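Chemist: Here it is, the structure in full.
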Amino acid sequence: MHLIGMLDSPYVRRAAISLQLLGLRFEHRSISVFSTFEQFRKINPVVKAPSLICDDGEVLMDSTLIIQYAEALAAGRKSLLPGSLLERQHTLREIGLALAACEKSIHIVYERNLRPVEKLHEPWITRVTGQLLAAYQILEADLIARPLGVTSAAINQAGVSVAVAWHFTQQMLPEVVRAADYPALREFSVKAEALPEFIAAPHGAGTYRHAG
């Protein structure tokens, strides 16, 4: 399988880390939806990162759907989702909050970096910032009340998604979401980023490095 997209995207990074944790081998191609748009379009005309080229050549897109496919491939051996209904319910809540934080962070980054200054819409930025902070405030409280596993064996999809989202926001918007205000998330992130699966897929323009 080939994972397409840059690791500065939290969605690409989430997929890369999840594939590793599920024990699935893949090759990573760091292709940008911006600077190498035409190259990406030849792989997936929709130009959506991440895209996954399956073994038979069919292309999947969207990190959640790619991870769902990966879960099916690893079925019977490993899963990043708990088996009990109540535990899965809570895990899905945390994933939803993390993905919302990713989405709102990206909205702010795009608004700042892609839209001309004279066309910035401050009411929109204010609203999105409020949504972003709300997501992290809930995640902080949840993490204190119900700590997430943070070893290669114990981390689940909630942990992966929360850690990747937090790291992305801190890389891109540290002045918006101040790390000092979220000590539990900050500590969890430090531990997650020290895991070999995270180290092998670092945020940025690099390429996933097979551990070992």
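The values are calculated or read from the model by the stated rules, or taken from the named source; none is laboratory data. All values derive from a computational prediction rather than experimental measurement. Backbone-built Cβ (ideal geometry, glycine too); neighbour counts: all protein chains shown. Just the protein is used for accessible areas: all its heavy atoms, side chains included, with ligands, DNA and RNA removed. Shrake-Rupley method; radii C 1.70, N 1.55, O 1.52, S 1.80 Å.
Chemist: Would you please state which residues of segment 93-117 a label at residue 137 would reach in this model, taking the label point 7 Å out along Cα→Cβ and a backbone N cut-off of under 20 Å?
Modeler: 93-108
Chemist: Which residues among segment 139-177 fall inside the zone where the amide N is under 15 Å from a point 7 Å beyond the Cα of residue 84, along Cα→Cβ?
Modeler: 146-149
Chemist: Is any residue of segment 57-99 close enough, with backbone N under 12 Å, to a label point placed 7 angstrom from the Cα of residue 24 along the Cα-Cβ axis, and if so, which?
Modeler: Counting only backbone N, you get 60-75, 78-80.
Chemist: Ok, one more. Calculate for the chain the 222 nm mean residue ellipticity that helices alone would give, adding -39,500 (n - 2.57) per DSSP H run of length 4 or more and normalising by residue count, nearest 500 deg cm²/dmol.
Modeler: -17500 deg cm²/dmol
Chemist: Heavy-atom accessible area of residue 85 with all protein chains present, probe 1.4 Å, nearest 10 Å²?
Modeler: Its accessible surface works out to 140 Å², give or take rounding.
Chemist: On to the next question. Which sequence of 121, 167 reflects their accessible areas, 1.4 Å probe, from the largest down?
Modeler: Highest to lowest solvent-accessible surface, that is 121, 167.
Chemist: Now for a different question. Keeping all protein chains in position, work out how much accessible area residue 143 exposes to a 1.4 Å probe, and write it in Å² to the nearest 10.
Modeler: Rounded to the nearest 10, the figure is 20 Å².
Chemist: Please compute the Kirkwood hydrodynamic radius over segment 1-131, one decimal place, Å, based on all pairs of different Cα atoms.
Modeler: Across segment 1-131, the inverse of the average 1/r is 16.4 Å.
Chemist: With only Lys, Arg, Asp and Glu charged, each at its Cβ (+1 for the first two, -1 for the last two), find how big the charge dipole of the chain is about the Cα centre; round to the nearest 20 debye.
Modeler: In total the dipole reaches around 100 debye.
Chemist: Would you kindly find the accessible area of residue 198, with a 1.4 Å probe and non-protein molecules such as ligands, DNA and RNA excluded, rounding to the nearest 10 Å²?
Modeler: Per-residue accessible area (residue 198): approximately 0 Å².
Chemist: Under a point spin-label approximation (7 Å from Cα along Cα-to-Cβ), what is the residue 190-residue 152 distance to one decimal in nm?
Modeler: In this crude label model, residue 190 to residue 152 measures out at 2.2 nm.
Chemist: Within straight cross-link reach of residue 191, meaning Cα distance under 25 Å, which lysines are found once same-chain residues fewer than 8 apart are removed?
Modeler: Once the sequence-local lysines are set aside, what remains near residue 191 is 78, 104.
Chemist: Turning to a different aspect of this structure: Under 16 Å Cα-Cα from residue 48, which aspartates and glutamates qualify once same-chain neighbours fewer than 8 residues away are excluded?
Modeler: Counting by Cα, and skipping residues close in sequence, residue 48 has these aspartates and glutamates nearby: 8, 38, 58, 62, 103.
Chemist: Another one. With springs only between Cα atoms under 10 Å, which of 149, 57, 76 fluctuates most in a Gaussian network model of the chain?
Modeler: Maximum among the listed residues: 76.
Chemist: Give me the percent of accessible area attributable to carbon and sulfur for the chain, probe 1.4 angstrom.
Modeler: Looking at the chain in its full context, I get 57 percent from C and S.
Chemist: Turning to a different aspect of this structure: Counting only heavy atoms of protein chains, what accessible area per residue, in Å², does segment 128-212 have with a probe of 1.4 Å?
Modeler: 43
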